[in-house]
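Okay, structure first, notes after.
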Amino acid sequence: MIEISFLDKVAKVLIDNYSEKLSSTIVVLPNKRAKVFLVEALKKQVSTTIFSPKIVSIEEFIQDIAGIRSIDAIELLFEFYEVYLSATEKPKQESFELFAIWAKTLLQDFNEIDRYLLDPVHVLSYLKDIEDIKRWGIEVENKTQLLEKYINFWKLLPNYYQSLYDHLLHKGIGYQGLIYREAVNNLNHFSNTVKDSSYVFAGFNALNAAEERIIQHLIASEQAEIFWDADQTFLNDPYHDAGLFVRRFKSSWKHYKSNPFEWIVDDFSMSKNIQVIGTPKSIGQAKITGNIIETIIKDNPNTTLDKVAVVLGEENLLTPLLYSLPSTVGALNITMGYSSKNNPAQLLIAKLFKMHANALARNAKSYVLYYKDVLDVLTHPLIEPYANANAVVAFINQNNYTFIPHHKLMALQPHPSDLFHLLFQKWEAGSIPVLEAISSLLLTIKSNLNKDNEEEKIAKAFVYSLFKTINKLINYYSKHSHIDTIETLHSIYKQVIDLAEVSFEGEPLNGLQIMGVLESRVLDFETVIITSMNEGKFPAGKAQNSFIPYDVKRELGLPTFKEKDAIYTYHFYHLLQRAKNIYLLYNTESEGLDAGEKSRFITQLEVEKQDKHILTHEIYNAVLPETAYEPIVIPKSESVMLRLKEIAERGFSPTGLTSFVRNPIQFYFQRVLRISEVEEVEENIALNTLGTIIHGTLEALYTPFIGKFLSENDILACFKLLDAEVLKQFKLVYKEGEIKKGRNLLAFEVAKRNVSNFLKVELESLKKGDAIKILHLEKDCERILEHPSLPFPIKIKGTVDRIEERTPKNGTTRIRIIDYKTGKVEKTNVRLISWNGLTEEIKNDKIIQILAYAFMYENEANGKPIEAGIISFKNLKSGFLPFNFKDGKEENTTIDTAILNEYLEQMVLLLDEILDETKPFEEKV
């Protein structure tokens, strides 16, 4: 157990030294969260009822001194835009979208200038002078309009700063830096009005210039004390960043020339078990964290987890961590800001913006919605269970709607729910009605969520966070009505959502503590698990989100990445300071989006290892199976055999048989289980759809000639009907799909060309003197196959594209069975040299198919010689490609009884394998 925590020591000082004036004592801490823990520490120190001191965060305290209300980043951006418009000539004014890109960075710089009490005119003029020096050698006549505009921007910065400062001060509101500067300006007056109060500052590390000035003033006037939590290991090492700020204060503050520095402790060098664990990817860290916590619970069944902290170096790890925790954890306390950017509710609103913005951009009057946008919204997890829109989704898929008019969509749901109505009401009336609709939508979603379900509780937190952000936007828009287009609203929404955070609330003193790095300040835990210990994450990288160059910051005393790294270093080592068991997790991957080198903090612990520290290093990798993939094997159960007998009675199709040859598991899923492909909108015409259209067109064109001999005039008449018939077939097959532009227009032209080329080949045959009589089109054929090896008679059935009677000039009349293929087929694909293994290789699929048609039609041929083959639309120059059996040098295209008998022997072997109960379905890989 932790002997005594920092807050326990603070509580003891309060009871021992301030007991007579505790109710007039104000304790100032770095953050709000520590307040609850300090109150708990005070409870341990007393046995009677007492008045608690007032406990505030440093920001609340400084707001009290300044008497100015703090505004959030979103409101500040709007206020700054008002100032920008008033301070900039109209021709030079930018839209809010462009303004926001640079304004957020500039506001950060304004904030730093004020927090460090620098002269803004000096700093901002300095920046303008730097830009002038950069362009010193450019002649006046060579300065472009863009360059002039750029230089003028730097000239205007002091004016922007002062105008914003005065504007906010006049309203009694401000950003953090302005409040800090005003607090310093008001310090003497404040100090005189609180003569009877005592202040205790505790747990601080890095202080800005304004904070230093305020604290030193109160200490000098004997109205305050400050207690540091400085470990001598870091304080006495002149190079250790964890003591960087405290060393500065100890040496530079006048108070410490004659007073002791409190407190310096020696906790870090005490006994600690430190386990460094590397694992690939972030998800692995979440899983390992769950395992560590499960082990802690197993080893100490009666222990509580309130002394265990999980500190997330990267907030995105929160969701996978929650799914990885063991069920025995019980109570959880999540205290961290989680970005709104990737939460489920925000993703829904982003999809909604995309859908409506696209509809308005396409045509505001007709308001046509893109099917993907509609389906993205309707299938979102927060919408799908409650929208009752399954029929709408099915209708869009079945009718192949690529673009669906708004009125058509609303007609599909004659009694729409409030949820459906809020999703799809038109965004035409301006930004405030749109925001109000989104606000109502979020309230409706919130009411649908189950408060007793843990997952839905978290979803509710996401929805509520977004609801607050949207309502803020409504408030700002009502004051700034000139910013009113959907495009601008979308841009502003994207800007502000980056600034919004989801705050989780829990019972701080109960259960496992999950927090971010900043939330860990002042607190001590016995067991600490820290994730994402990689460079760029912990500590953060050297991001320079500022207009002020590094060397200027150094000269002016503004914090650089060096100071920001030192802050991270202090937080890290403070987490370890009193902990007994420490787990440091990092990603071992060196490449990819989620990768990075092992944190320097881990290396530092290894290099500067303390004598009493036990430090181990492990690498965890996922267990890899011996084989990458095990082929699926499905035994033939009794129910499977009954289904196979049912198929045999109804009829095996040639396509079904070739699917078994291709992959028995495919046959099992499609034919036995009857699992069909999910129906989806076909945005671009697929090859099988194109084939269906060509088949349909040829059937429609040739149907009037069934039972007749074709003439040249018949084919010429088909040419005239071609365009209209292809269009008709497209509408029948492709339904509401777009065919007038893009790839689909090309596919439409390809279909016409293929049919046209086929007609030309047909016309050439007639001109040569061939007599062609159409016997059947799309004919359904079937025949029973009986054989001693088969357990029962089996029906073979299928649909033949075309059967004709053809007599070449001076030739013999033959029955020709034709199968159309839109893909490319060569002569070799229908040539057979040996019957052995016919049904074992998929390359023979076309032979299996066309010989099945010949077998089924044999009895109707009335003894006439039969040819069966393929017409390939991608190989029309080869004409009709008949099946031919090459026996030695002889090629035979006539399908006689001998060929059919050989074929049937092979088919019986295939059917035996399908129907053999002892042979399972085995996947081909």
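Annotations
- Flag if residue 369 is assigned by TED's automatic domain parsing to the domain that holds residue 461 and within 25 Å of residue 430 (Cβ to Cβ): yes
- Counting only residues that are of a type in the set (S, T, N, Q) and over 16 Å from residue 201 (Cα atoms), the stretch 24-47 holds 2 of them.
- Residues of the stretch 38-65 that are more than 43 Å from the chain's Cα centre (by Cα), at pLDDT 90 or above and of a type in the set (A, V, I, L, M, F, W, C): 42, 65.
- Looking only at the stretch 412-434, residues that are free of Cβ contacts under 8 Å to residues at least 40 places away in the same chain, polar (S, T, N, Q) and crowded, with 17+ Cβ neighbours inside 10 Å come to 2 in all.
- Answer from 43, 12, 35 - the residue that is among the basic types (Lys, Arg), under 30 Å from residue 270 (Cβ atoms), assigned to a helix (DSSP H, G or I) and free of Cβ contacts under 8 Å to residues at least 12 places away in the same chain: 43
- Looking at 497, 514, just one residue is of a type in the set (A, V, I, L, M, F, W, C) and at pLDDT below 80, and that residue is 497.
- Condition met for residue 630 (closer than 18 Å to residue 923 by Cα, of a type outside the set (S, T, N, Q) and at pLDDT below 90): yes
- Whenever a residue of the stretch 358-384 is more than 12 Å from residue 404 (Cα to Cα), its partners that are in a helix (DSSP H, G or I) and among the basic types (Lys, Arg), lying with C-beta atoms within less than 6 angstrom and at least six residues away or across chains, give the pairs 376/351; 377/351.
- The one condition in (1) in contact with a Leu (Cβ under 9 Å, 6 or more places away or on another chain); (2) farther than 22 Å from residue 65 by Cα that residue 224 fails to fulfil: (2)
- Just one of (1) surrounded by 18 or more Cβ atoms within 10 Å (Cβ to Cβ); (2) under 18 Å from residue 148 (Cα atoms); (3) among the small types (Gly, Ala, Ser) fails for residue 87. It is (1).
- Pair list, Cβ < 6 Å and 6+ apart or interchain, from the stretch 784-800 residues that are assigned to a strand (DSSP E or B) to residues that are of a type in the set (Lys, Arg): 784/795; 796/783; 800/779
- Residues satisfying the criterion are present in the stretch 646-658 (criterion: in a loop (DSSP other than H, G, I, E, B) and not assigned by TED's automatic domain parsing to the domain that holds residue 295).
- Flag for residue 614 being touching a residue at least 60 places away in the same chain (Cβ under 8 Å) and touching a Phe, Trp or Tyr at 6+ places or on another chain (Cβ under 9 Å): no
- In the set 409, 382, only one residue is in a helix (DSSP H, G or I) and surrounded by 15 or more Cβ atoms within 10 Å (Cβ to Cβ); that residue is 409.
- Filtered residues of the stretch 288-315 (kept if assigned to a helix (DSSP H, G or I) and either in contact with a strand residue (DSSP E or B) (Cβ under 8 Å, 6 or more places away or on another chain) or in the same structural domain as residue 456 (by TED's automatic domain parsing) (or both)): 288, 289, 292, 293, 296, 315
- Where strands (runs of 3 or more DSSP E) sit wholly within the stretch 805-902, those with at least 2 residues that are at pLDDT below 90 occupy 884-887, 890-892.
- Odd one out for residue 261, checked against (1) closer than 30 Å to residue 183 by Cα; (2) part of a helix (DSSP H, G or I); (3) not acidic (Asp, Glu): (2)
- Some residue of the stretch 103-121 being modelled with pLDDT under 95, more than 41 Å from the chain's Cα centre (by Cα) and either part of a helix (DSSP H, G or I) or more than 30 Å from residue 58 (Cα to Cα) (or both): yes
- When the stretch 330-348 is filtered for residues that are surrounded by fewer than 21 Cβ atoms within 10 Å (Cβ to Cβ) and modelled with pLDDT of 85 or more, only 347 remains.
- Of residues in the stretch 226-239 being touching a residue at least 60 places away in the same chain (Cβ under 8 Å) and of a type outside the set (Ser, Thr, Tyr), the one surrounded by the fewest Cβ atoms within 10 Å (Cβ to Cβ): 227
- All of 860, 902, 840, 867 fail the test of being surrounded by 19 or more Cβ atoms within 10 Å (Cβ to Cβ), among the charged types (D, E, K, R) and closer than 24 Å to residue 783 by Cβ, apart from 867.
- Any hit, the stretch 574-588, residues being assigned to a helix (DSSP H, G or I), in contact (Cβ under 8 Å) with a residue 60 or more places away in the chain and out of contact with any strand residue (DSSP E or B) (no Cβ under 9 Å at 6 or more places or on another chain): no
- One residue stands out in the stretch 524-554 among those that are acidic (Asp, Glu) and at pLDDT 90 or above: the one that is farthest from residue 284 (Cα to Cα), namely 524.
- Screening the stretch 78-100 for residues that are assigned to a helix (DSSP H, G or I), in contact (Cβ under 8 Å) with a residue 40 or more places away in the chain and within 34 Å of the chain's Cα centre (by Cα) and picking the one that is farthest from residue 164 (Cα to Cα) gives 97.
- Long-range neighbours under 6 Å by Cβ, at least six apart or interchain, first residue without any contact (Cβ under 8 Å) to a residue 60 or more places away in the chain within the stretch 295-308, second polar (S, T, N, Q) and part of a helix (DSSP H, G or I): 297/328
- Positions within the stretch 46-65 being outside any helix (DSSP H, G or I) and in contact (Cβ under 8 Å) with a residue 12 or more places away in the chain, in sequence order: 46, 50, 51, 52, 53, 54, 55, 56, 57
The values are calculated or read from the model by the stated rules, or taken from the named source; none is laboratory data. From a predicted model like this one, the values you see are computed outputs, not experimental measurements. No Cβ is skipped: glycine too gets one built from the backbone with ideal geometry, and neighbour counts run over all protein chains shown.
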